[in-house]
Every structure is written in structure tokens, then in C-alpha cells.
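Any read-out appearing in this document is the output of simple, stated calculations on the displayed coordinates, not a laboratory observation. If you're wondering where the values come from, they're calculated on a predicted model, not measured in any experiment. Ideal geometry is used to build each Cβ from the backbone, glycine not excepted, and the neighbour counts take in all protein chains shown.
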Ligand SMILES: Cc1ncc(C[n+]2csc(CCOP(=O)(O)OP(=O)(O)O)c2C)c(N)n1
Ligand SMILES: [Mg+2]
């Protein structure tokens, strides 16, 4: 035969909880009430922390911030699927993954306030600081996964990238390496439909972003990113495969950025309220609440008490952020393993000018 | 008309798009959104998506495709959203943009203008405020321009858009909206490769460019009140640099202080002072000084004010230089 088909590929879509909070009986994972409530509470905490962050920025108490609103399920459910020894490297819009790993909230507030100490995460949280240059962290994730594989302790690596990030060379190079090296890596594409003002349709001509895995020989799936159960299930399965030596997986989580790109952005310039309102109906938290309610795991009182706890936790973290007194000398201390003579001289000069603080 | 620097650049791009059909703007969010700094505001509506193009998120491809377009006779104006993301395209700039003319012995040339908002001081996020000019000055084959006022920006960009060589146009973010000044509506050009004496003086030459220029001008005015009369040289084009104007000024004053926000080691001041030593050494009455960023990673926004040179450091350097006999 001169001409024959040499490859055929397809991509599945997974939704377990529909928009009314009804679970598909066949697909519903058997999760304990404990983990379901943890998932819900992490999403609630994320929304509260997110809301506080925007307010702090507006009040001039924090710098530019990238809101998570509407995307709580992706980072929360994916990170909760991690085992204690797994590692994570999210983007700036899945910082709830850090919360899931036990990174103290004040670290996150500090980073957004522009304090380096905010990237100094405690031991045991197995979390890497996110990279602001889009997509540049993905090769690191492959390298981390390589190191985990080599350590031979059945650990896996989880990372995230936006729809915009899939256009970067680093994304493609990383998937290629991950496929060739068969590293224990799960890459979640957070397709929130926008990369600042550029819509998903102008980011890539491919029908799905998940299918990009096919080109690199990596199993891939698209999930409803506003369905925490679907995200949890897909990521759990992928992590199990990764830990057991079956290589990487690419997951596209379809969600929507309900808010502005960052606090410096004005989305009314490039998108319609109509589109935003359509997505409001698919709110991940609302949906999960209904699901828990049907399972008799939710009451108004339960949520109110949780929210009280969270607002206290947030206030305490903000207080810690604000109590943190930065020391300009630190700028010189971590450039190299030791302060060079050149830097000592410059530090002394800085002291001469700003010893009493910057005017 | 009184315009900010962002508006002056916008006005220039508008005029040039109308003048030359070969000009195409491309980059992340430059179209519908009008750019994150609003520099391309309104141009998408006016010239359409064929000429003001929102691209996918990939700096390497933004610059790489521009190189191909330019080689074929178009005049692309790629925008990198923030200096810190220009590195993703740096291999294209270094391996191709800087060399195409030379390696084809002039058969292919790249008349493109790569616009990059540069420098810090706007309390933006990590990687959003880098002093990167030396990385570009270090590449023969590229014209590097850093405007210092709205008027200058409009005239220099108009020249860049007629240049036969690829231009890296470094727009000081800090000055985008810092103030307005009178900018003529009609088209005018300011030649590339020519520095300007921003303030005449006789006691000392203060040499700077781009973002630091207004601060240095203020420092000079205050010094004048205190009895020192500095000359301020605004380099405008960093490469090829107008060394004649620099050395002439230093020969006249016998003293020099160079100011920029990039790190000290191999910052442009190193080259400027080396040239002064080569060309005006015997006219010097004091060792030249430089006021620069420290040799550190630029701190995140909470600490950034401790990094950038400011008036207090600049004035102190001038006074120390003046005190030398
Ligand atoms: C290399 C690089 N280029 C440009 C930017 C500026 N920028 C920040 S976020 C963003 C869009 C990212 O879109 P996406 O990957 O979809 O993530 P989202 O913000 O939607 O979460 C851009 C262009 C950047 N941070 N890094
Ligand atoms: Mg996106």
C-alpha cells in the first residue's frame, strides 16, 4: 500500500459533576467525606484569600495581584491529589496549590507585596516558587521529575501552565523531554480562555489544548476545570501512573478567568459581560456546595463556621505580612554563596545613603 | 499638544502606520487591548488586525517572525511586553537580528524596530523592571535607542522607523506617564547616533540616558542652586554612541559622573568611562564616577527603591568629584 494511515489520535473529555452539582453515578470517585470537605474548604479559603488579596492591592497594602476567582477548583483539587512526598510547581494563578501543601498564607501575601522572603517556603511543603516568565518553569518541572524518578521513591511531580503558556517553546520542549525521558510528571494546562486580552481561539488553532500531548507521545485528557471531582480524578489517576513508572500525562482543565488578568488590567476593554455571565452559572464552588448538600455533608452553619476560621486565618497572615520588616541588606546577601568584597563595598555605600531608611 | 511619553510614542506609531504601508505592529496584547501600557491604543481599530496584530504568547516567535518579515522588505515593529521577557527572544536577536546583514554581505537586511519597555521604578512584579541595555549594546549590528522625554521619543522612533538597521527601542517604563510635555503634531525626526546636550554647563559633565534623565536634570538644577554648574549629556542612542559629544563635553568640564540604573559591573558606564579615559584623559581634573544600580538582583517591589540611583546619590557623586583638586 502506498498510502496508509500511520497514526490516529483522540482526546476524551471528563466531567463528573454537572453544573447542577449532580454526579455521574458511573464516574463518581469513591472519596471519603473527609477529603470532600477538605476540597470544599480549600476552595472556600482560596476565594476568601483571593478576595482579600485584591482588596489589599486596592488599598495599596500589596502589589499587583493575579486573581484566581472562578478557577479555585483546578489548583485546589489537583494539589489535594498529591501524596505527601510528591512535589508541585504551580503558576501565579494556582497559589491555592501552595495552601494545600501547607505553605503559610503569609508567605503568599508577602510575595505579592514584593518581599523575597515570600518565596522561602518551609521544608516539607515540597513546593517550588512559581515563575513569572510564562512557561519557563516547565523544563524545571521535567528536571525535578527526572530527579524524583532517579531517587526511586515513587514520587511524582505536578505542574501547571496557562492556555497562553502553551504557545511558548519551553512548553513544547518540556513535553518532548518528558515523553522521551518518561518522567513521573503531570502537567495541567489551565485553560481559562484568556491570556490577558488574547482569547483561547487566537492562542492556538488546535481544537483542544490537551491534544498537544499526542504530538509528544504523552497520554492526554480534557476535563471540566470547574468540576473539582473531575480534576481530582484525572490528576489522581495521572499521578498513580507517574509514580508507578508509566510516564507523564497532560491534562487540560477547561475553566474561566472570572476576574481581571491582574489588578493592573481592565477586561472590559476586550471581552463581553455576556461571556462572563455565562460562566457564572458554572461556578466551581456553587456546584460543589450543591453536591455536598445532596450528600448531607453541608449545612449553612458548617460553611459559616469554616468561613469564620478562614477569615481569622487570613487576618493573622495579613498581620504577619505587615509586621515583616524587610532589611535592604538582604539584597546583597543571597546573590552569591558569600558576599563578595565588591558587594560589601556597595552595601556600605547603600548604608551611607539609606541607613536611616529610604525617604 | 501636551503628551505623555506613552502618548507620544502612540502618536508616532499612528503617523508612521499611515505613512508607510510596510509597517506592521505585532506582539502580546498590542491589538484589541492597546498594549498593557496603552502605547498602541486605538491603532487596531484604525489600521485593522492585519497591521496591528495580537500574537500568541511567544517572544521568540514574535521576534523570529519579524526577522523573516523584515528580510522580505516589510517593516515589522514587534513589541516585547516587559524587558524581563525579552530574554525569551534573545537568541533570535543575537544569532540573527544582529548578524543578517553581515553574514549575507548585505543581501538581506532587517529594517525592524523591536520595542521593549525597560527599567524599573513602577513597582511592578518580578522580572518587570530590568536594566537590560548592556545586553543589547553588546551586540554589534543593532542600533540601541533609549529616549528620555516625550518629545525625544516621538522624534527618535520616527527615525528608527526609517533606519536601515535593526533597532532595539528601549522605552523607559518609569517615564511612560511621568509627565506631559509639548510635542508637535506634525512629523519630525531626531537623528539616531547623535547625543544631545540637555543642559549646558561648565563645571562637570553628567552623562546619562533614558529613564534617569529627568532625575539627573533635577539634580543638576539643584546643584546649580548650590553653586555648581553641571552640563547634562543625554546619549539618546547607546550604540552606535556619539562619543564625540561625550568627550567634547568632558574636555570642556574636566569632570564626569555617569548615571544609569543597570548593575555597575559592565553597565554602560564602564564603556563610557573607558572612552573618556581614552579620549579626554589629559583634560580630567578628577577621576570619573558612576552612579548605578548595585551588583545585585533587582529586589522585588518592596525593596526596589534601595536599588535605583536617586538624586541623593547623584548629587553626592558630583560633589565628591568637584571636591577633587
Ligand atoms: C515570557 C512572558 N511573556 C509575557 C508575560 C506577560 N504576561 C503575564 S501573564 C500573560 C498571559 C498569560 O496567559 P496564560 O498562560 O493563559 O495564563 P493566565 O494568566 O490566563 O492564568 C502575559 C502575556 C510573561 N509573564 N512572561
Ligand atoms: Mg489563560
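Using the Cα gyration tensor of the stretch A:15-131, with a ≥ b ≥ c the square roots of its eigenvalues, what is the shape: rounded (a/c below 1.5), prolate (a/b larger than b/c) or oblate (neither)?
On the way: a/c = 2.66, a/b = 1.56, b/c = 1.70.
Oblate, because a/c is 1.5 or more while a/b does not exceed b/c.
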So the angle from the long Cα axis of helix A:341-354 to the longest Cα principal axis of chain A, reported in degrees to the nearest 10, equals 70 degrees
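How much length is gained on full extension from residue B:266 to residue B:103, taking 0.36 nm per residue of separation minus their Cα-Cα distance? Show your work: numbers first, answer last.
Working: separation 163, 0.36 × 163 = 58.68 nm, distance 2.74 nm.
Length difference between fully extended and current span is 55.9 nm.
At 0.36 nm per residue, and after removing the present C-alpha to C-alpha distance, how many nm does the segment from residue B:95 to residue B:164 gain when stretched out fully? The partial results should precede the final answer.
Numbers: separation 69, 0.36 × 69 = 24.84 nm, distance 1.84 nm.
Gain on extension, residue B:95 to residue B:164, equals 23.0 nm.
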With label points set 7 Å from each Cα along the Cα-to-Cβ direction at residue A:276 and residue A:173, the distance between them in nm comes to 3.7 nm
For chain B, longest principal axis from Cα atoms; helix B:150-160 axis from its Cα atoms; angle between them, nearest 10 degrees, is 60 degrees
Quick note, chain B: a/c under 1.5 would make it rounded; otherwise a/b > b/c is prolate and the rest oblate (a ≥ b ≥ c, C-alpha gyration tensor); here it is prolate
For the stretch A:243-353, Rg(Cα) over 2.2 N^0.38 Å is 1.85
The orientation-averaged projected area of the Cα convex hull of the stretch B:31-172, in nm², is 8.4 nm²
Note to self: C-alpha centroids of the stretch A:330-346 and the stretch A:195-249 sit apart, in Å, by 43 Å
Here the relative contact order (percent) of chain B, from C-alpha pairs under 8 Å and at least 6 apart, is 15 percent
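What order do you get for B:243, A:336 when you list them from fewest to most C-beta neighbours inside 10 Å?
Values: B:243 17, A:336 11.
Ordered from fewest to most neighbouring Cβ atoms within 10 Å, B:243, A:336 come out as A:336, B:243.
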Exposure-ranked with fewest Cβ neighbours within 10 Å first, A:330, A:170 stand as A:330, A:170
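Ignore the peptide's own chain and count Cβ atoms of other chains within 10 Å of each Cβ in B:204-212; give me the average, rounded.
Going residue by residue through B:204-212 and averaging, the value is 0.
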The distance between the Cα centres of the stretch B:73-130 and the stretch A:126-145, in whole Å, is 25 Å
Within 10 Å of the Cβ of an average residue in B:187-195, the count of other chain Cβ atoms is 0
With Cα coordinates, the longest principal axis of chain A makes an angle with the long axis of helix A:138-151, in degrees rounded to 10, of 80 degrees
Gyration tensor on Cα atoms of the protein assembly as shown, a ≥ b ≥ c root eigenvalues, a/c under 1.5 rounded, else prolate if a/b beats b/c, else oblate, says prolate
